[in-house]
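Engineer: Provided herewith is a single structure, encoded as structure tokens, for subsequent inquiry.
The values are calculated or read from the model by the stated rules, or taken from the named source; none is laboratory data. Because the structure is a prediction, the values reported are computed rather than measured. Backbone-built Cβ (ideal geometry, glycine too); neighbour counts: all protein chains shown. These area figures cover heavy atoms from the full protein model, side chains too; ligands, DNA and RNA do not enter into them. Shrake-Rupley method; radii C 1.70, N 1.55, O 1.52, S 1.80 Å.
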Amino acid sequence: MSGAALGLEIVFVFFLALFLLHRYGDFKKQHRLVIIATLLAWYLCFLIVFILPLDVSTTIYNRCKLAANSSPAESNGSYVTLAPSKQKCFKPWSYIPNGIMPIFWRVVYWTSQFLTWILLPFMQSYARSGGFSITGKIKTALIENAIYYGTYLLIFGAFLIYVAVNPNFNLQWSQLQTIGIAAANTWGLFLLVLLLGYGLVEIPRSHWNGAKRGYLLMKTYFKAAKLMTEKADAEENLEDIMEEVRKVSESIKYNHPLRKCVDTILKKCPTEYQERMGRNMDDYEDFDERQNSYPSEKSLVKLHKQVIYSVQRHRRTQVQWQILLEQAFYLEDVAKNETSATRQFVHTFHSQEPENKIIQYFYTPTVEWYWECLLRPWFYRVLAVVLATFSVIVVWSECTFFSTQPVLSLFAVFIQLAEKTYNYIYIEMACFLTIFFLSICVYSTVFRIRVFNYYYLASHHQTDAYSLLFSGMLFCRLTPPLCLNFLGLTHMDATISHKNTQPTAYTSIMGSMRVLSFIADGFYIYYPMLVVILCIATYFSLGTRCLNLLGFQQFMGDSEMTSDLIDEGKELIRREKRKRQRQEEGENRRREWKERYGNRDDSARNRVAHTDQKESSFSETNTNRTLSKYTRSNGRTERDRIELLQDAEPLDFNADSINDDPLELDSGR
């Protein structure tokens, strides 16, 4: 089994990252390089989280084996924790051979750092650029990132000059590398504690509130009112941008040098606007550079950038509005079905998407009623209590993990108890649950936060390229300090435990933080304690109240503005519900009419077609007879010619009497 667990987790994490990226990104419309770069960033970060427990169990086995093979005198001088006998050093099922993990961590870590500090910022500017060529986009990206890269080069150059001039410092390349790693981890730890403090409180609270039907419905109404405002603003902005595009398209004719740029802009516009502009174009007119003033290429680049942004925003708000409507209708159905005597879940509207037959077979209306109306609230409450317990343990351990005698960190206590019996399954499960919970608290905050329309991760393939790349940058900067913080909580980091034991392979590539003692003994120890203050602030919703004071409306139960927005959202949902009901009623009437009278109409149409066929055949026969009869005689009166013309017209078919004389047929009519 050596290396098999590592290979399985590598494959599993890849598909997990691919699934999440497919949920938020759009593989068909977004650039392939954006998808590949974001996928690589997410994949490497998730991979570190999943592989680190294997590194811990392998390190514990190596410590046991090294202590068992050493003499007692050497063990007392070099190792603190000894194995009582060689028989206790059982090899774990997920053991990774020596030499693999250091190379693996080195490749993963430096690749993620290259992505977050160099490649992804450049690709952000490239994706947001409005240039019409690859060269133009690269030029714009280089100009925008010149200050970004120049600042880091200036700081690094100043540091190198200081080290070279100061005779007290004699740093080698490995120490410079450690200083760079420490600087990146310090920045990441600063942001990590902020996000962790929010997630530790908000995740259990959101699940507890998820058991409150009235709460979720009121919050959905509140979201509907805010989203309608954003949707109207996006539509108005799109109309203004399309008006500018129309003016530019009409001014720049087909033989203008910048017409290719205009055509590129038109391709990014919605289809209805393209058709409308195409009808109003007069491309047969030549442009006259002396008479008209034409926009420059720089202004067209700016317009192209605005078109991309406005179209993406308009499409996102439209999709989010439909999703929010479905959510509101479903929550209203749940509220109605809670008092149902039949205990069968009844939907107001049928699902627009085809349901899976297997799910439909097992998830019957009765099962759905028991789950939605009885079991789901209790499940959410129990889950919220479990998550809150984990949050309390994390907060306590963050405040006490620096204490080694006695050991106060609960995670370190759990790992050390398992280490004594060498229960590797328990060690890996405890490590995985711990780091997985920390990752959920941090990563979920990254998915929830929204910086105006600058950064926003929207599900259902509605996230733009800039936000995807920005999330990849955040993940790559947050994951290394998150793993170091986890190793500190479990006392697997020698810098925290102050034990001369074999470090994990992940810690070994980070180097010794003793090079910067004020960071290793100060910032890394005491800064995580601020998570207590952040948790208290999140519990009392201080950030939400501050945003409300600044004019950014947030959902608060005791706010008058929140009540007004809830009422507005309720009316919007009611209006959309009536519209949906009228549409379904009309479709049902048409369906019933077709089922009732469709067969009769088909048979009637068949009879009419058969009658017309017979009429045409009899008409042709009578015409031929008449023509043959009247062509034998040359002298005819005007009345005979009129009769010939009348007989040439189609005749009404009568199965009882067929007469060749047109006069009798006329009198019969």
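Engineer: Find the relative contact order for the range 197-338 and round it to a whole percent, using C-alpha pairs within less than 8 Å whose residues are 6+ positions apart.
Structural biologist: Details: 84 pairs, mean separation 54.7, N = 142.
After rounding, I find 39 percent.
Engineer: Among Ala184, Leu216, Ile203, whose Cα projects farthest towards the positive end of the dipole of the range 176-233, with charges put on the beta-carbon of Lys, Arg (+1) and Asp, Glu (-1)?
Structural biologist: It is Leu216.
Engineer: Output needed: percent of Cα pairs per 5 Å distance bin for the range 176-280, bins running from 0 to the one holding the longest distance.
Structural biologist: For the range 176-280, the binned pair fractions read 2, 9, 11, 9, 8, 7, 7, 8, 11, 12, 10, 5, 1 percent.
Engineer: Report the calculated FRET efficiency for Asp567 and Phe156 (r = Cβ-Cβ distance, R0 = 60 Å), to the nearest 0.05.
Structural biologist: Computed FRET efficiency for Asp567 and Phe156: 0.60.
Engineer: Kindly state, to the nearest 0.05, the FRET efficiency for Thr111 paired with Glu144, given R0 = 25 Å and r defined as their beta-carbon distance.
Structural biologist: Details: r = 24 Å, r/R0 = 0.95.
Calculated transfer efficiency: 0.60.
Engineer: For Cα pairs less than 8 Å apart in space and 6+ apart in sequence, what is the mean separation divided by the residue count of the range 362-452, i.e. the relative contact order in percent? Write down the numbers at each step before the final one.
Structural biologist: On the way: 26 pairs, mean separation 12.5, N = 91.
Relative contact order, the range 362-452: 14 percent.
Engineer: In addition: Under the Kirkwood approximation for Rh and a Cα-based Rg, what ratio Rg/Rh is obtained for the range 4-68?
Structural biologist: Working: Rg = 16.4 Å, Rh = 13.6 Å.
The Rg/Rh ratio comes out at 1.21.
Engineer: Between Glu243 and Thr364, how high is the FRET efficiency from 1/(1 + (r/R0)^6) when r is the Cβ-Cβ distance and R₀ = 60 Å? Nearest 0.05.
Structural biologist: On the way: r = 53 Å, r/R0 = 0.88.
The value I calculate is 0.70.
Engineer: Further question on the same structure: Which entries in Lys226/Lys302; Lys137/Lys267; Lys29/Lys579; Lys212/Lys357; Lys247/Lys298; Lys212/Lys570 show an alpha-carbon gap greater than 21 Å?
Structural biologist: Lys226/Lys302; Lys29/Lys579; Lys212/Lys357
Engineer: Classify the range 436-486 as rounded, prolate or oblate from the Cα gyration tensor: take a ≥ b ≥ c as the square roots of its eigenvalues, call it rounded if a/c is under 1.5, otherwise prolate when a/b beats b/c and oblate if not.
Structural biologist: Values: a/c = 2.51, a/b = 1.95, b/c = 1.29.
It comes out prolate by the Cα gyration axes.
Engineer: Turning to a different aspect of this structure: Mind computing the radius of gyration and Dmax over the alpha-carbon atoms of the range 403-531? Å is fine for both.
Structural biologist: 17.6, 53
Engineer: Compute from the Cα atoms of the range 308-401 the Rg and the Dmax, the latter being the longest Cα-Cα distance, and quote both in angstrom.
Structural biologist: Every Cα atom of the range 308-401 included, Rg and Dmax give 19.6, 55 Å.
Engineer: Taking the Cα centre as origin and putting +1 on Lys and Arg beta-carbons and -1 on Asp and Glu beta-carbons, what dipole magnitude results for the range 189-234, to the nearest 20 debye? List each step's numbers first, then the result.
Structural biologist: Numbers: 7 positive and 3 negative charges, 53 e Å.
Roughly 260 debye for the range 189-234.
Engineer: Per the 1.4 Å probe, what fraction of the accessible area of the range 182-249, in percent, lies on carbon and sulfur atoms?
Structural biologist: Working: 1660 of 2740 Å².
Carbon and sulfur atoms account for 61 percent of the accessible area of the range 182-249.
Engineer: Same structure again: Where only protein heavy atoms count, and the probe is 1.4 Å, what is the accessible area per residue for the range 1-41 in Å²?
Structural biologist: About 63 Å² of surface per residue is accessible.
Engineer: Rolling a 1.4 angstrom probe over the protein heavy atoms, how many square angstrom per residue are accessible across the range 106-163?
Structural biologist: Result: 59 Å² per residue.
Engineer: What percent of all Cα-Cα pairs in the range 378-418 falls in each 5 Å bin, counting up from 0?
Structural biologist: P(r) for the range 378-418, in whole percents per bin: 5, 23, 22, 19, 13, 10, 6, 2, 0.
Engineer: Please state the equivalent ellipsoid semi-axes for the range 93-226: what are the square roots of 5 times the Cα gyration tensor eigenvalues, largest first, in whole Å? Please list the in-between numbers first.
Structural biologist: Values: eigenvalues 311, 151, 70 Å².
They are 39, 28, 19 Å, listed largest first.
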